[in-house]
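Structure, as structure tokens:
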Amino acid sequence: MSDEFFKTLCLQMAELDHQIVFNELDGIKVDGKRVKIKPKNVDIDYRYNLFIEMYKDYSEKALKNEIRKLKLRLKRSEKYKKSKFQKIISPDKLEFDCANNILDDIE
């Protein structure tokens, strides 16, 4: 797989992952404070560089499988975006990597 194609796949994963986080976390409350996601361009750039490092040894087939899984998760995450209920969680329940890099601000 060419370096350019690898970077294209990483960018695609970064965009998918950003949308998942936005759908699932933007606007929820953590300990009574509302979560705001970093600006899209900042967040995607962070994820892109993270994924380049994380997936550098993956085959094309493995990367495409990761994209498939992200697309499935994105579809599931749509229910959070469309939901009218206010999800409230405590910080110790945030179970994802790099939580401080995902969140811009908790007001």
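Here is how the numbers come out for the structure above:
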quantity: Cross-link pairs beyond the 30 Å C-alpha cut-off, checked among 29/71; 7/29; 56/79; 29/61; calculated: 7/29; 56/79; 29/61
quantity: Prolate/oblate/rounded call for the stretch 1-82, Cα gyration tensor, a/c under 1.5 rounded; calculated: prolate
quantity: For residue 37, residues with placed amide H under 5 Å, excluding near neighbours; calculated: 27, 104
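Throughout, read-outs are computed from the coordinates displayed, never taken from laboratory work. Please read these numbers as outputs of a predicted model, since none were measured by experiment.
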